[in-house]
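Read the figures in this text as sums done on the coordinates, not as results from a lab. As the structure is a prediction and not an experimental result, all values here were calculated from the model. Neighbour counts are summed over all protein chains in view; Cβ atoms, including those assigned to glycine, are modelled from backbone coordinates with ideal geometry.
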Amino acid sequence: MAHPKSSKTAPSKLQVHIDALETQGVGVTPDASSRHLHNGMDTPLPPADLHGAYVNNRPLPTEGIADRRAWIVGSGIAGLSAAFFLIRDGHMPAGNITFFEEQDIEGGSLDGAGNAEDGYIVRGGREMEMTYQNFWDVFSEIPALEMPKPFTVLDEYRIVNDADKNWSKARLLEKQGQIKDFSTMELSKRQQLELVRLLLARKEDLDDITVEEWFSEGFLNTNFYTFWRTMFAFQNWHSVLEMKLYMHRFLHLMDGLNDMTSLVFPKYNQYDGFVRPLMSWLKDQGVNIQYDTVVENLEMTTSGDTRTVTAIQCHGSEGDKTFNVGDRDLVFVTTGSMTEDTAYGDDNTAPQLKENDQAGSGSGWQLWKNLAQQSEVFGRPEKFCGNIPGSTWESVTLTCKPSPLMDKLKELSVNDPYSGFTATGGIITFIDSSWLMSFTCNRQPHFPDQPDDVIVLWTYALLMDKPGDYVKKTMPECTGREVLTEMCYHLGLIDQIDEVIAATKTRVALMPFITAQFMPRARGDRPWVVPEGCTNLALIGQFVETHNDVVFTLESSVRTARIGVYSLLGINKQVPDIYPGQYDIRRLLRATRTLNSDEAFLGEGLLRRILGGTYFEHILPLGPGEKPEELSRPGMFEQQFQALRGLLEDSQALDDAKDWVQGILNKLRGRR
Ligand SMILES: Cc1cc2nc3c(=O)[nH]c(=O)nc-3n(C[C@H](O)[C@H](O)[C@H](O)COP(=O)(O)OP(=O)(O)OC[C@H]3O[C@@H](n4cnc5c(N)ncnc54)[C@H](O)[C@@H]3O)c2cc1C
């Protein structure tokens, strides 16, 4: 990386440090699991999981930035964030940035459209949390649309969520509308150990292994797994590696998994909440966007081990076009999309996937396939887009006027849904639904122009090949009204279904690749953000490799964009790694207790004995209703000690336990 020696922004006394920066080999693909927190000679930047003000510095401009151009394929959150980082941290003039977008609107998977008459539609809602470090970094600088300067989208988000905490009062329903106890995880000791075994496993030992291959059948029937798979949209046949990464990434949220206290939600749908303000800022800066333009392939020259993009082949309303790319220009490509080829339906129409649909023939996948044909450094797209039944699910957005459905909703919500405060606080799952259906009511209004008497609900299901329990069809075979009928059956409203249908509009979205990013994968299937040897190309979005982050989040798309920009421009600034909650003893102890259905775990008594009454007492998790002053009270240690003694005396139990632990160790060793 070169810095302008006579930069006006760099007073001469700083020059010695600016020159020294040039010699640093900067790693911007964060992997905090590989080192300790220090700022030594061998640490080119502050540690990757150091979050906060120190790493929010403004880097110096890179040399010649005003003469370089950036071409961004895809205007989802990954593409939009790439432009943001190019402008803010790369100091690139916004007029040098051009988007190619195949749709006639920006945002990609972040949608939100329609009106109260025809029905609103969102393909999904956004469960979010506070440690989306890269995402919040962007939105801490984007002006809020409904607040005066200098308030940002993050400020607005905080005001809404700080004043309106999220929680669920009816996370699970059964027997047509009855709330099922969801206070515990229902994990036996053995099932808890299955989870621990996964946490301990090395990432590289989990290639192509599925969730159902790793866990016992009993585990898959627990409350824990129901919370997990419905909240994150995991299927039994998905990658257990992804599940592991989620556990590390969100370990600090484990105690909010059942009642949804771990979540925060945007004020509106994700298009109005995030895309509109970000795009408006980018357009104000002067970026260019070419809608209705499909990028079909990239032309590259290779020299030795390096690859440089020289041209972008597009197809648009005006036919084929090729854009030349200079070797100092930058290209960012969103490879694949979870919402590609979405099929839509409504009250009377079931969605139809493309007639001649071949797996992954859509443009995002096709571009990635074309790249993969050029070199194996671009990964293996078929692993993700090659199994449509394995990656499909459907959602339906309901635009509701008052009806018995709204009365039932009030019963299940933590606040009156018409009050503007949190309603269901996240999804409510019908555990006896053969589709495994869930629904949610976010804060209302969900759209800025939504009339006061309208509520927008969202429902989805995971299992697409099973007939419904009332409507004897699979979900994709159903019209919107039939899905509504099935939902009302599970809410105990089937007798009032005509009244509900008359007051409700439905809009259906069947998404053949919605969980493509979770399909089982192995090393090399996903390309690195800057694939080996590429001098001016970064791949961004959900289908690229990062060291520790998960997929299917806003944060991970933004992360890849940031890594891409910093890598290609050689920007000396930290990309924060995932929140290090997994290394925080408080979070670990809390999570361990949570998985044990909030009962004391083995050894907790000893910990209380040692730490109770000391400075570190506060790291101990409290039991339900327990007060801090009760922590040092004797009892738990003695109780656990007696239980352990009993176990030791029962030599049979001890032998069983020993065999079982030995079996696990052998298995773990066998996998290496
Ligand atoms: C139903 C649903 C629920 C979700 N829930 C959550 C949640 O609760 N929490 C959370 O954090 N995240 C959630 N997500 C995930 C999050 O929304 C996505 O990870 C993120 O929006 C993906 O952004 P992206 O820019 O990587 O890709 P996309 O949004 O898919 O954008 C890709 C864009 O590139 C364009 N494109 C692709 N190829 C080409 C080409 N060759 N030429 C031209 N244009 C092209 C596409 O048209 C599209 O606009 C959810 C997503 C969905 C769909």
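When Rg is the radius of gyration of the Cα atoms in segment 183-256 and Rh is its Kirkwood radius, what does Rg/Rh come to?
Result for segment 183-256 is an Rg/Rh of 0.92.
Show me the ranking of peptides 50-58, 94-102, 617-625 by mean Cβ neighbours inside 10 Å, starting with the highest.
My ranking of the peptides, most packed first, is 94-102, 617-625, 50-58.
State the volume of the convex hull built on the alpha-carbon positions of the chain, expressed per residue in Å³ and rounded to an integer.
Expressed per residue, the convex hull around the Cα atoms of the chain is 183 Å³.
Work out the FRET efficiency for ILE159 and ASN56 from their Cβ-Cβ distance, taking R0 = 22 Å, and round it to the nearest 0.05.
FRET efficiency, ILE159 to ASN56: 0.60.
Less than 20 Å from a label point 7 Å out along the Cα-to-Cβ axis of ASN348: which backbone N atoms in segment 500-535 qualify, by residue?
Taking a point 7 Å out along Cα→Cβ of ASN348, the residues of segment 500-535 whose backbone N falls under 20 Å are 500-509.
Non-local amide H neighbours of PHE215 (under 5 Å, H modeled in plane, Pro and chain starts lacking H): which ones?
none
Peptides 63-73, 408-418: what's the order by average Cβ count within 10 Å, highest mean first?
Output ranking for 63-73, 408-418: 63-73, 408-418.
Quick check: the distance between the Cα centres of segment 272-324 and segment 468-502, to the nearest angstrom?
A separation of 43 Å, based on Cα centres.
What whole number of Å gives the distance from the Cα centroid of segment 101-178 to the Cα centroid of segment 208-232?
Computed from Cα coordinates, the inter-centre distance equals 27 Å.
Taking just the C-alpha trace of segment 427-542, give me its Rg and Dmax in Å.
Values for segment 427-542 (Cα only, Rg and Dmax): 19.6, 64 Å.
Run the quick spin-label model on GLN642 and ASN288: label points 7 Å from Cα toward the beta carbon, then report their separation in nm to one decimal.
Going from the GLN642 label point to the ASN288 one covers 8.0 nm.
Ignoring everything except DSSP H segments at least 4 long, calculate the 222 nm mean residue ellipticity for the chain; use -39,500 (n - 2.57) per segment, divide by total residues, nearest 500.
Estimated from H runs of four or more residues: -9000 deg cm²/dmol.
At THR302 and ARG190, where each label point lies 7 Å from the Cα along Cα→Cβ, what is the point-to-point distance in nanometres?
5.2 nm
Could you tell me how far the Cα centroid of segment 329-401 sits from the Cα centroid of segment 506-580, in Å?
Answer, in whole Å: 16.
So for the pair GLU376, ALA522, with labels modelled 7 Å out along Cα→Cβ, what separation do we get in nm?
Rounded to a tenth, the inter-label distance reads 1.1 nm.
Normalising by the residue count of the chain, find the relative contact order in percent from Cα pairs under 8 Å and 6+ residues apart.
This gives 20 percent for the chain.
Among the helices of the chain (complete DSSP H runs), which have Cα atoms covering no less than 18 Å along the helix axis and a Kyte-Doolittle mean of at least 0.5?
554-569
By average Cβ neighbour count within 10 Å, what is the ranking of 179-187, 338-346, 430-438 from highest down?
So the peptides 179-187, 338-346, 430-438, ranked by packing, come out 430-438, 338-346, 179-187.
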